[in-house]
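Trainee: Structure in structure tokens, see below.
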Ligand code: MOS
């Protein structure tokens, strides 16, 4: 099915099941420990050996020698895999650095060896006994220094095409010079880690020349393809199965070392091998959200209308890597006739930078939405009103393109009313509560909506049960539940009559989980398959009317009503289809919007920052399940607190690695850090997006949170911090005297 014209009325609009706050259909399995995760696939592979990965001790250079003899002779050791015996490995299309180093080393903790042994402890002990000699080469590890020689680099828009490296509309320089009120400020965001709870993990087994990996992955088809490429296998000899994933946040979008090395270890030993990457390797072995240096210039007239916007971002990456597209939202969020956006990419020899939840916008809004707060203050305007008067209903770069739906103003206004924004004192440092300085902050939220081709297969059984199969993943997001709701709505049965099977490359290829495209795209694929199944059911039951109703387990037309299960009396009915998109996203800009409001308390003596209250108002099309969507948004808001106040991979600029590479040194929020959180969804249905009329929401919840917190801190203290994370050392010396 092709989605190329706006959706009309369809069975989803009944919203008997879709749009309801159903509990997770996989919830009981998760809390009873019966949902199988990659490292615990005893159900399919009871006798796996254990693999342990040794990471490179240098950031850049060459392996000049590997002595494995001692390790090989240790008790229980079955095999040691290095580049010397791994055979030819080809770089997958989605990987920038190789997943097994040798002889050259591209980044710190790049895998140099895998030990396979009878137990985890034996494998780990033997890995410590491998002696590797390195020839270390000089590398670039300091973004601020490398930024001076950074090159302009185009970004990717939602169609995957390259946008120009410097995007100019009107005359930015002239308008900025002429503007009576201007801001020119630079903001920085640090390198961040996904820090998902489940590490990279794979159990691998060969049957003859066919490989199966039970792994933790967001994108089954990408990973199957890249695993086949890496190992030089035909794609149909590789099966990837990932039914449950313990968090990903972009870290599990791609094939990683655990899957490749488990496959190689299993080949070398002739036994299944399982690997869970040890936590201290996760931070430098994997991808991360790259640090940015962002310069923003705003010019406005005295009424507060922006006349000029410029946003330039510099980030770094390994040779061949991509930039952090932190200027994306600035192309679309506010009106102004004169605009400039540019991205610069420096070569760094740190681990690969890549997508982390809301790549681009998460970092970009951390800067842009502080700049908007600073500009509002210069103009003497309320920051909510300043954003509202600069709203646009069309793509500011291409005014002939309207937004499919854009309720940013309503998000801001409703949020201000709900949060009690009128209590804010525009003069910073004025509100006190005992020893604490109290501040309120706001930021707009923006994240593009992306649709990806997505297929599904649905089967109606004799028992009337509808089974859905698609390689879509559930990374904690609720995919099982919203897919079950979609099939239930389409086939007119209760959600308890639907079985959802996900994450297996034997199933039809879905959009996968990434870029907040998963929910809308994958349910649209299920919709398409269900339309076909409805047709097959109607034909089997001899309905002549073009579109009978499917409701309450029955198929109805006029006064004829037949039990749905009767259609499968003589055998299962199976239908498969793919939803694909064309055209509408070029004609209409499809984005999601929101507003974040935050109250903070800053200890007047120590400068410690605590978040007290958070509110997100989201406009993201139809909300398929308010309960799972809310969980996505509060999780994202929590991640936003981490980004604002804690998270920072500290770079050792001499030796080129992230120093704090464990969960003790890399701080993320814990329960005690998170206060009252409230989420409001505007009642929307976007017919330009899909038959589901839904959009992404899982990343929107993160976009803007950091700046809302930073703005609240400024409102509390009067000290403007432009470098994330906002730690107390950055404002302590300038706090109001007590
Ligand atoms: Mo998302 S960073 O595309 O998993």
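The values are calculated or read from the model by the stated rules, or taken from the named source; none is laboratory data. Just so we're clear, the structure is a prediction, and the values are computed from it rather than from any experiment. A quick note on method: Cβ atoms are made from the backbone with ideal geometry, for glycine too, and the neighbour counts reach across all protein chains shown.
Trainee: Name the single residue that is nearest to residue 472 (Cα to Cα) among those in the stretch 557-581 being surrounded by 17 or more Cβ atoms within 10 Å (Cβ to Cβ) and out of contact with any helix residue (DSSP H, G or I) (no Cβ under 7 Å at 6 or more places or on another chain).
Mentor: Ranking the candidates gives 580 first.
Trainee: Still on this model: Sort through 462, 447 and tell me the only one that's in a loop (DSSP other than H, G, I, E, B) and at pLDDT 95 or above. Spell out the reasoning first.
Mentor: On the way: 447 fails: in a loop (DSSP other than H, G, I, E, B).
From the options 462, 447, the qualifying one is 462.
Trainee: Test residue 661 against the stated conditions and say whether it is away from the ligand (no atom under 16 Å from the Cβ), without any contact (Cβ under 8 Å) to a residue 12 or more places away in the chain and under 24 Å from residue 282 (Cβ atoms).
Mentor: no
Trainee: Those residues that are in contact with a helix residue (DSSP H, G or I) (Cβ under 7 Å, 6 or more places away or on another chain) and assigned to a helix (DSSP H, G or I), I need them from the stretch 598-633; list them, please.
Mentor: Answer for the stretch 598-633, where residues must be in contact with a helix residue (DSSP H, G or I) (Cβ under 7 Å, 6 or more places away or on another chain) and assigned to a helix (DSSP H, G or I): 628, 632, 633.
Trainee: Can you tell me which residue in the stretch 203-225 is surrounded by the fewest Cβ atoms within 10 Å (Cβ to Cβ), limited to those that are away from the ligand (no atom under 16 Å from the Cβ) and under 21 Å from the mean Cα position of the chain (by Cα)?
Mentor: Per the criteria, the residue is 225.
Per-residue answers, yes or no, for (1) out of contact with any strand residue (DSSP E or B) (no Cβ under 7 Å at 6 or more places or on another chain); (2) over 22 Å from residue 617 (Cβ atoms):
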residue: 357; (1), (2): yes, no
residue: 362; (1), (2): yes, no
residue: 390; (1), (2): no, no
residue: 400; (1), (2): yes, yes
residue: 403; (1), (2): no, no
residue: 409; (1), (2): yes, no
residue: 415; (1), (2): no, no
residue: 418; (1), (2): no, no
residue: 449; (1), (2): no, no
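A quick yes/no check of all residues on (1) surrounded by 24 or more Cβ atoms within 10 Å (Cβ to Cβ); (2) at pLDDT below 95; (3) touching a helix residue (DSSP H, G or I) at 6+ places or on another chain (Cβ under 9 Å):
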| site | (1), (2), (3) |
| --- | --- |
| 258 | yes, no, yes |
| 262 | yes, no, no |
| 270 | no, no, no |
| 275 | yes, no, yes |
| 279 | no, no, no |
| 303 | no, no, yes |
| 306 | yes, no, yes |
| 312 | no, no, no |
| 315 | yes, no, yes |
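Trainee: Please indicate, with yes or no, whether at least one residue in the stretch 125-144 is assigned to a helix (DSSP H, G or I) and closer than 17 Å to residue 317 by Cα. Before the answer, list the steps.
Mentor: Narrowing the stretch 125-144 to residues assigned to a helix (DSSP H, G or I): 125-128, 143-144.
Those left that are additionally closer than 17 Å to residue 317 by Cα: 143-144.
Yes: one or more hits.
Trainee: Continuing with the same structure: Out of all the residues in the stretch 537-548, which are surrounded by fewer than 17 Cβ atoms within 10 Å (Cβ to Cβ) and under 42 Å from the mean Cα position of the chain (by Cα)?
Mentor: As a first pass, look at the stretch 537-548 and keep what is surrounded by fewer than 17 Cβ atoms within 10 Å (Cβ to Cβ): 539, 542, 544-547.
Those that are surrounded by fewer than 17 Cβ atoms within 10 Å (Cβ to Cβ) and under 42 Å from the mean Cα position of the chain (by Cα): 539, 546, 547.
Trainee: Looking at 337, 359, can you tell me which residue is within 16 Å of the ligand (Cβ to nearest atom) and either over 21 Å from residue 721 (Cβ atoms) or in contact (Cβ under 8 Å) with a residue 60 or more places away in the chain (or both)? Quick ask: steps written out before the conclusion?
Mentor: Details: 337 fails: within 16 Å of the ligand (Cβ to nearest atom).
Going through 337, 359 in turn, just one is within 16 Å of the ligand (Cβ to nearest atom) and either over 21 Å from residue 721 (Cβ atoms) or in contact (Cβ under 8 Å) with a residue 60 or more places away in the chain (or both): 359.
Trainee: Tell me the residue from 216, 127, 221, 175 that is within 30 Å of residue 477 (Cβ to Cβ), modelled with pLDDT of 95 or more and in contact with a strand residue (DSSP E or B) (Cβ under 6 Å, 6 or more places away or on another chain), please.
Mentor: Numbers: 127 fails: within 30 Å of residue 477 (Cβ to Cβ); 221 fails: in contact with a strand residue (DSSP E or B) (Cβ under 6 Å, 6 or more places away or on another chain); 175 fails: within 30 Å of residue 477 (Cβ to Cβ).
Among 216, 127, 221, 175, only 216 is within 30 Å of residue 477 (Cβ to Cβ), modelled with pLDDT of 95 or more and in contact with a strand residue (DSSP E or B) (Cβ under 6 Å, 6 or more places away or on another chain).
Trainee: Another question, then. Find all pairs meeting these conditions: Cβ atoms under 6 angstrom apart; at least six residues apart or on different chains; first residue within the stretch 470-481 and in a helix (DSSP H, G or I); second residue within 16 Å of the ligand (Cβ to nearest atom) and at pLDDT 95 or above.
Mentor: Listed pairs, sorted by first residue: 479/472; 480/474.
Trainee: For the structure I just gave you, tell me whether residue 555 is in contact with a strand residue (DSSP E or B) (Cβ under 6 Å, 6 or more places away or on another chain) and closer than 26 Å to residue 698 by Cβ. Break it down into steps so the answer makes sense when it comes.
Mentor: Numbers: in contact with a strand residue (DSSP E or B) (Cβ under 6 Å, 6 or more places away or on another chain): yes; closer than 26 Å to residue 698 by Cβ: no.
In short, no.
Trainee: For the stretch 248-299, enumerate the residues that are in a strand (DSSP E or B), away from the ligand (no atom under 16 Å from the Cβ) and over 13 Å from residue 99 (Cβ atoms).
Mentor: Result: 273, 274, 276, 293, 294, 295, 296, 297, 298, 299.
Trainee: Scan the stretch 686-695 and tell me whether some residue there is in a helix (DSSP H, G or I) and either out of contact with any helix residue (DSSP H, G or I) (no Cβ under 9 Å at 6 or more places or on another chain) or under 30 Å from residue 10 (Cα atoms) (or both).
Mentor: no
Trainee: What's the number of the condition residue 683 fails, among (1) assigned to a loop (DSSP other than H, G, I, E, B); (2) crowded, with 22+ Cβ neighbours inside 10 Å?
Mentor: Among (1) assigned to a loop (DSSP other than H, G, I, E, B); (2) crowded, with 22+ Cβ neighbours inside 10 Å, residue 683 violates only (2).
Trainee: Anything in the stretch 324-349 that is farther than 29 Å from residue 658 by Cβ and in a loop (DSSP other than H, G, I, E, B)? List them, or say none.
Mentor: 332, 333, 334, 335, 336, 337
Trainee: Given the residues 672, 712, which is the only one that is surrounded by fewer than 23 Cβ atoms within 10 Å (Cβ to Cβ), at negative phi and in a helix (DSSP H, G or I)? Can you show your working first?
Mentor: Working: 712 fails: surrounded by fewer than 23 Cβ atoms within 10 Å (Cβ to Cβ).
So the residue among 672, 712 that is surrounded by fewer than 23 Cβ atoms within 10 Å (Cβ to Cβ), at negative phi and in a helix (DSSP H, G or I) is 672.
Trainee: Filter the stretch 477-513 down to the residues that are at positive phi and within 16 Å of the ligand (Cβ to nearest atom) and list them by number. Give the derivation first.
Mentor: Looking only at the stretch 477-513, we keep the residues that are at positive phi, and these are 478, 492, 503, 512.
Scanning the stretch 477-513 gives 478, 503, 512.
Trainee: For the stretch 715-726, which residues satisfy the criterion of being out of contact with any helix residue (DSSP H, G or I) (no Cβ under 7 Å at 6 or more places or on another chain) and assigned to a loop (DSSP other than H, G, I, E, B)?
Mentor: Hit for the stretch 715-726 is 718, nothing else.
Trainee: Can we say residue 701 is closer than 22 Å to residue 363 by Cβ and either within 16 Å of the ligand (Cβ to nearest atom) or over 23 Å from the mean Cα position of the chain (by Cα) (or both)?
Mentor: The answer is yes for residue 701.
Trainee: Within the stretch 51-62, identify whether any single residue is more than 33 Å from the chain's Cα centre (by Cα) and part of a loop (DSSP other than H, G, I, E, B), and answer yes or no.
Mentor: Within the stretch 51-62, not a single residue is more than 33 Å from the chain's Cα centre (by Cα) and part of a loop (DSSP other than H, G, I, E, B).
Trainee: With the checklist (1) surrounded by 17 or more Cβ atoms within 10 Å (Cβ to Cβ); (2) closer than 30 Å to residue 265 by Cβ; (3) touching a residue at least 60 places away in the same chain (Cβ under 8 Å) in hand, flag the one item residue 228 doesn't pass.
Mentor: (3)
Trainee: Conditions first: (1) assigned to a helix (DSSP H, G or I); (2) at pLDDT 95 or above. Residue 42 passes all but one, so which condition is the exception?
Mentor: The single condition residue 42 does not satisfy is (2).
Trainee: Looking for whichever is in contact with a helix residue (DSSP H, G or I) (Cβ under 8 Å, 6 or more places away or on another chain), within 27 Å of residue 368 (Cβ to Cβ) and surrounded by fewer than 24 Cβ atoms within 10 Å (Cβ to Cβ) here; the options are 182, 189. Which one fits?
Mentor: Only one candidate passes the filter, namely 182.
Trainee: Identify, by number, the condition in (1) in a loop (DSSP other than H, G, I, E, B); (2) within 16 Å of the ligand (Cβ to nearest atom) that residue 319 doesn't meet.
Mentor: Unmet for residue 319, out of (1) in a loop (DSSP other than H, G, I, E, B); (2) within 16 Å of the ligand (Cβ to nearest atom): (2).
Trainee: List every residue pair whose Cβ atoms lie under 6 Å apart, where the two residues are 6 or more positions apart in sequence or sit on different chains, the first residue falls within the stretch 497-521 and is over 18 Å from residue 246 (Cβ atoms) and free of Cβ contacts under 8 Å to residues at least 60 places away in the same chain, and the second residue, located anywhere, is near the ligand (Cβ under 9 Å from one of its atoms) and assigned to a loop (DSSP other than H, G, I, E, B).
Mentor: The qualifying pairs do not exist here.
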